[in-house]
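The values are calculated or read from the model by the stated rules, or taken from the named source; none is laboratory data. Since this is a predicted model, take the numbers as computed values, not measurements. Heads up, the Cβs are rebuilt from the backbone with ideal geometry, glycines too, and the neighbour counts pull from every protein chain shown.
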There are 2 protein chains.
Amino acid sequence: GLLQSGWDAGAGWICVLFVGLAAGATAGIIDIGARWMSDLKTGVCADRFWLDREHCCWSSNDTFYKDDDCKAWTKWPWMLNYYNSSSFLFLFLEWIFYIGWAVAMSTLAVLFVKIFAPYACGSGIPEIKCILSGFVIRGYLGKWTFIIKSVGLILSSASGLSLGKEGPMVHLACCIGNIFSYLFPKYGLNEAKKREILSASAAAGVSVAFGAPIGGVLFSLEEASYYFPLKTMWRSFFCALVAGIILRFVNPFGSNQTSLFHVDYMMKWTFIELVPFALLGLFGGIIGSLFIFANIRWSRFRKNSKTLGGNPIYEVMIITFITAAISYFNPFTRKSALSMIQQLFDRCEDQVDEDSLCDQNKALSIAFGQLLWALIFKFIITIFTFGIKVPCGLFVPSIGMGAIAGRILGITVDQIFRAVQATPGHSEYFTCQIGKDCVMPGLYAMVGAAAVLGGVTRMTVSLVVIMFELTGSLEFIVPTMVATMFSKWIGDGISKMGIYEAHIELNGYPFLDSKGEYPYSTVASQVMRPSIHRQVADEMSMSDLRELKNELSVITESGMSLGDLESLLRQTDFNGFPVVVSQNSMHLVGFITRRDILLALHTARKTQPYVVTNSIAYFSDGVPDSVPGGPAPLRLRKILDMAPMTVTDQTPMETVIDMFRKLGLRQVLVTKNGKVLGIITKKDILQFMRNKNSQ
Amino acid sequence: GLLQSGWDAGAGWICVLFVGLAAGATAGIIDIGARWMSDLKTGVCADRFWLDREHCCWSSNDTFYKDDDCKAWTKWPWMLNYYNSSSFLFLFLEWIFYIGWAVAMSTLAVLFVKIFAPYACGSGIPEIKCILSGFVIRGYLGKWTFIIKSVGLILSSASGLSLGKEGPMVHLACCIGNIFSYLFPKYGLNEAKKREILSASAAAGVSVAFGAPIGGVLFSLEEASYYFPLKTMWRSFFCALVAGIILRFVNPFGSNQTSLFHVDYMMKWTFIELVPFALLGLFGGIIGSLFIFANIRWSRFRKNSKTLGGNPIYEVMIITFITAAISYFNPFTRKSALSMIQQLFDRCEDQVDEDSLCDQNKALSIAFGQLLWALIFKFIITIFTFGIKVPCGLFVPSIGMGAIAGRILGITVDQIFRAVQATPGHSEYFTCQIGKDCVMPGLYAMVGAAAVLGGVTRMTVSLVVIMFELTGSLEFIVPTMVATMFSKWIGDGISKMGIYEAHIELNGYPFLDSKGEYPYSTVASQVMRPSIHRQVADEMSMSDLRELKNELSVITESGMSLGDLESLLRQTDFNGFPVVVSQNSMHLVGFITRRDILLALHTARKTQPYVVTNSIAYFSDGVPDSVPGGPAPLRLRKILDMAPMTVTDQTPMETVIDMFRKLGLRQVLVTKNGKVLGIITKKDILQFMRNKNSQ
């Protein structure tokens, strides 16, 4: 008894513990793998091929290790005996190898996905949202999806495509959650219970993707989950924390920081700078909406076009080729997105270093041009990349675009201030040292990153918390928040939907958004099927058979024979039927699903030989003893759902939508004076909301 | 149009902006006031009486300022010309003044509360919880409550009673939210909308109380709010942040830290130390439950006892006298709770300072004894203090108890490790330097604080986040979390209710807990009134009039006269009646509240002279033209609620409770085959849950 209840209470915790452990380990392995493969594009470690460039150069004990100067790291042209690194042929060979590896990796990724697990492509967050709202997609969180997505993620992110590992990491964590939940029957066999584990898994996914356990919980709460009770929150936090600790233990980045872009210095800002930060927010909202619009257009085109939709492998190869060929020539796009972001977030140190962004001379203007070019290129290529059939996330590309835009604005503001300060008589305006104390381009990059990510995903609190955990400082909360707020307002003004909601709509998933408000003046009877107007029309032209079909199909609790039921099932395609006392009274008794009734009739036909087509089916309590001579009756009360949800015909749709959302209903019956009038399904609700929105 | 909708969308933001500004300013003023008045117990600043001791000594430019050595700070005995600080008379006078001021302040506080605003007493969090769940307490969030609670809070916290300012700060912030919401008709006139503002205010309250904006939002989500949509979350965050920034601007503590107990050094911990941390959690769970049990027992005794309950002023005076008289003799209880906690959280610096806790010699064992004594005293006195009629919170006393307990355990573990290390042959067990790198009593104090606070309030995620924002470091998240988890598990094992839920139950507020699960096998028809069994009994003994009254009182949609209605209202005390087609069919048409019907009848009697007692009231659409000779009919359809919530008699109570919780219902009608059988109100649900829990 006590032991049983203890196990019962503990099972959930043990399950999320396992999920956390596995998610942390998986993320570590993927990080290490992606790093190594990404470096493979330029060369290989001479004597220990399993090391990436950084570790290779570390272990080779070169006296001074800087970007390219490491003997142990064998560049590909060296293999072919070209050593003159300034010759055209050398550079050309390097370029060719770079492209070749990139295309090979991404092609391998798309092949894996296509052959073994078609669900492993994309970011997976739209689907996770639907699954957490109650939609079931068989196999979407299965072990094959997990394996292929892990491998594919390493390959695709190493190939240098403009995509991130972070979204797919959430999908992977949910796969882990799903797989482990089968170890605990309480969770594995109950979809609602399983979703609690999945919510916790999503939190763990973000936790390992960004090193942000609290941000992960808030992401799961704000973005991913539909129903998030407090118990789940606490478990999610535990799961996210375990995953984070494990990832730190694996230590894939060779540093002791859990945060991805650790900023271990103070960045001060003045109140006047909130104006450029708000401008960044504005920019983020616009560019985010633009991105969503363009990406959805392209995705729809891909869906409808046979040439494009039917040849995902060629598409991936072409995109990779273009990405690799072009990004090779820009130092900001050539390096991995993560190190680019780190560079943009960093402030300029006192010592003049090699960073072109910190040089106040000519190098800066070159870098400025490169940044501008990188921004445009990233924006365009990401539109075409997000949606190709490899595992690909959108967080890092968005953060990257935002960081570039922010840094550009930061450099501009910095230069303006310097120019003003240099003008005689204006130097006393500034009590702070520009670039050291007050105008810090690195901070602008951070704020820009938050703004664009906000514009694309429309996250709010979780975004701010993730950004602050990402950089490890509470100092930036106000600038980040201002930018996120403006980005959200502008973005929502242009178009209500974030990228995930837009993809959900594109794919036609039955997802009921739990956000917005719908103060409609419509009542239930205007939305239900069959519609009132049509019924009135019926009365006027009784001969119109097509219209008659739109009448409510009901089952009476007694009096219908097996044959009647079977023909009803054949003639209609509804998923369920209200059961009423009689066709005349239409008083509601219960509800029965098509599935249950089919199963029951099938079983009866098979196991009860005396049940024939003429047998009367009884859903009521009082079944008469079999009439002598007549066929045996069939008792079906136990498959009847005696507690269907009902609303009256005058119930406002606002309340009905609220019920669907909060109670997770699939259908509700509409009654008037105790009589069944019609039915409203989740599909009707979605249709209704779409119509209202487009008006 | 556009302007209107823009204002509509912006009003909420502007409202929470104001709330944040006001909450931050209020908190700053209260902090400064409480600080000054608290120091008043020992003396006054010689030339500038408005300065507290610290600022007085700073501004007097004493070369070396240490605890007591400041000439500008005039102790009370000096005023009476006693200067020999070691004489018995001096100490006695100091003691008398200390007690006198304390009693005077708390008496003033209780007088203010009793005369001007009785709602200003206590912490207010239980009531806020109820208000946010839909319960209306008139005047609880009014401006008088706000003013008196602010003043009373300064007085009561300065008097040295074992209470905190943090809980009442949440109440004050909610008052501010309520007051400001009246500036915006959209929020002021709609209770549901107003609750959104109140949720944000609660977050701001915690934000200013602890300097923890994220913790505030999570507190509002986890503990205070009942319904917390995402939009509210985002606004709460904004509100909490604004309040935090303003508080930082006011800078009441004279430091630039927003966090209350800033710990600006690394505290390392080893995995083996998770065992003592878990022990602290265990202790926290036990002591928390014990506290709740004792406090509730005492509160119930106070409620029922005339002597005690009728004389709140004497009670406060006695408690203050005892607290002041005893706590004066212990250095840890004499100083304010906040500085005691700060001292306990601090680690021992390298230089040997005056802190007795860091001395490895005799002073430590004396301090150990004092800590033990302080823990016992605090525990006992807080039981009697929480619930007296002054503004008083529970956060700081809980954190204080926990910090003492944690420090005691920390010192013990520290001494054991040192002893083991000193034993020959064991020194190589430790690679770290005890007290410097690994066993840090300050960390134990923090973990203990979280454990006890968790045991008392049963908060989880918000507690961990508050603790981490309180100390400003992510390092302690794992130890804190382990302790909180154990504390929660143990506490919930002993008794399910936290202190706030316990007080809600004690006061009999209609609060439907949104947490736990209730997998009951009961169905709606077993809970509804009138109960089935009684109906059956009725049929057997039709003469039993008392039983007959338990029949469902319904109104028919037509056919009842004004006289019938009025007698029905007189004979019953139900708050609402189902309206049915006829007494025979009992088919549901709608629902009408007693209030509405009374109002309608009253108005009709007054304004429509032709309506007489015999007039027939029609709730249906088709009202017959007035019968010639008969009295004029009365049309009441428009006061009828046409969309009452219904469930069938076979609906599991789990679903019904879910509906009440998530949809915020007040009652639900139970139907069977379209006929009304009975009604379930929120009270019935609460009664049912209580019975189930006590079984």
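Kindly establish whether residue A:646 is hydroxyl-bearing (Ser, Thr, Tyr), within 19 Å of residue A:530 (Cα to Cα) and out of contact with any helix residue (DSSP H, G or I) (no Cβ under 8 Å at 6 or more places or on another chain). The answer is yes for residue A:646. Among the residues of the stretch A:2-61, write down those that are surrounded by 17 or more Cβ atoms within 10 Å (Cβ to Cβ) and β-branched (Val, Ile, Thr). Across the stretch A:2-61, the qualifying residues are A:16, A:19, A:26, A:30, A:32, A:42, A:44.
Take the residues in the stretch A:469-488 that are within 11 Å of chain B (Cβ to nearest Cβ) and either farther than 18 Å from residue B:239 by Cα or not hydrophobic (A, V, I, L, M, F, W, C) (or both); name whichever of them is farthest from the chain's Cα centre (by Cα). Checked the stretch A:469-488; the qualifying residue farthest from the chain's Cα centre (by Cα) is A:475. The single condition among (1) in contact with a Phe, Trp or Tyr (Cβ under 9 Å, 6 or more places away or on another chain); (2) within 13 Å of chain B (Cβ to nearest Cβ) that residue A:210 does not meet is (2). Sort out which residues of the stretch B:142-152 are crowded, with 24+ Cβ neighbours inside 10 Å and more than 15 Å from the chain's Cα centre (by Cα), and write them in order of number. Scanning the stretch B:142-152 gives B:145, B:152. Give A:596, A:573 a once-over and let me know the one that is more than 14 Å from chain B (Cβ to nearest Cβ), surrounded by fewer than 21 Cβ atoms within 10 Å (Cβ to Cβ) and closer than 25 Å to residue B:647 by Cβ. Just one listed residue meets the conditions, A:596. Among the residues of the stretch B:652-679, the one identified as more than 22 Å from residue A:229 (Cα to Cα) and touching a helix residue (DSSP H, G or I) at 6+ places or on another chain (Cβ under 6 Å) is B:670. Entry remark, the stretch B:644-668: residues being within 10 Å of another protein chain (Cβ to nearest Cβ) and either crowded, with 18+ Cβ neighbours inside 10 Å or among the hydroxyl-bearing types (Ser, Thr, Tyr) (or both) number 13 in total.
Each row is one residue, and each column tells you yes or no for (1) assigned to a helix (DSSP H, G or I); (2) modelled with pLDDT under 90.
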residue: A:367; (1), (2): yes, yes
residue: A:374; (1), (2): yes, no
residue: A:380; (1), (2): yes, no
residue: A:398; (1), (2): yes, no
residue: A:421; (1), (2): yes, yes
residue: A:425; (1), (2): no, yes
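Taking the numbered list (1) touching a Lys or Arg at 6+ places or on another chain (Cβ under 6 Å); (2) modelled with pLDDT of 90 or more; (3) of a type outside the set (Ser, Thr, Tyr) in turn, residue B:344 passes all entries but (2). Determine, yes or no, whether residue A:199 is more than 13 Å from residue A:142 (Cβ to Cβ), surrounded by 21 or more Cβ atoms within 10 Å (Cβ to Cβ) and among the hydroxyl-bearing types (Ser, Thr, Tyr). Judged against the criteria, residue A:199 is a match. Each residue in the stretch B:217-234 was checked for being more than 10 Å from chain A (Cβ to nearest Cβ), under 14 Å from the mean Cα position of the chain (by Cα) and in a helix (DSSP H, G or I), and 3 pass. From the list B:377, B:368, the lone residue that is within 37 Å of the chain's Cα centre (by Cα) and within 29 Å of residue B:122 (Cβ to Cβ) is B:377. For residue A:454, state whether it is farther than 15 Å from residue A:222 by Cβ and assigned to a helix (DSSP H, G or I). Judged against the criteria, residue A:454 is not a match.
Tell me, yes or no, whether the stretch A:83-90 has at least one residue that is modelled with pLDDT under 80, surrounded by 17 or more Cβ atoms within 10 Å (Cβ to Cβ), assigned to a loop (DSSP other than H, G, I, E, B) and of a type in the set (Gly, Ala, Ser). Scanning the stretch A:83-90 turns up no residue that is modelled with pLDDT under 80, surrounded by 17 or more Cβ atoms within 10 Å (Cβ to Cβ), assigned to a loop (DSSP other than H, G, I, E, B) and of a type in the set (Gly, Ala, Ser). Say we look at the stretch A:153-193 and pick out the residues that are in a helix (DSSP H, G or I) and hydroxyl-bearing (Ser, Thr, Tyr); which of these is surrounded by the fewest Cβ atoms within 10 Å (Cβ to Cβ)? The residue in question is A:187. Here B:237, B:301 are screened, and the one residue that is under 23 Å from the mean Cα position of the chain (by Cα), assigned to a helix (DSSP H, G or I), modelled with pLDDT of 85 or more and more than 14 Å from chain A (Cβ to nearest Cβ) is B:301.
Taking the stretch A:573-623, which residues are part of a helix (DSSP H, G or I), of a type in the set (A, V, I, L, M, F, W, C) and more than 14 Å from residue A:560 (Cα to Cα)?
Those that are part of a helix (DSSP H, G or I), of a type in the set (A, V, I, L, M, F, W, C) and more than 14 Å from residue A:560 (Cα to Cα): A:598, A:599, A:600, A:604.
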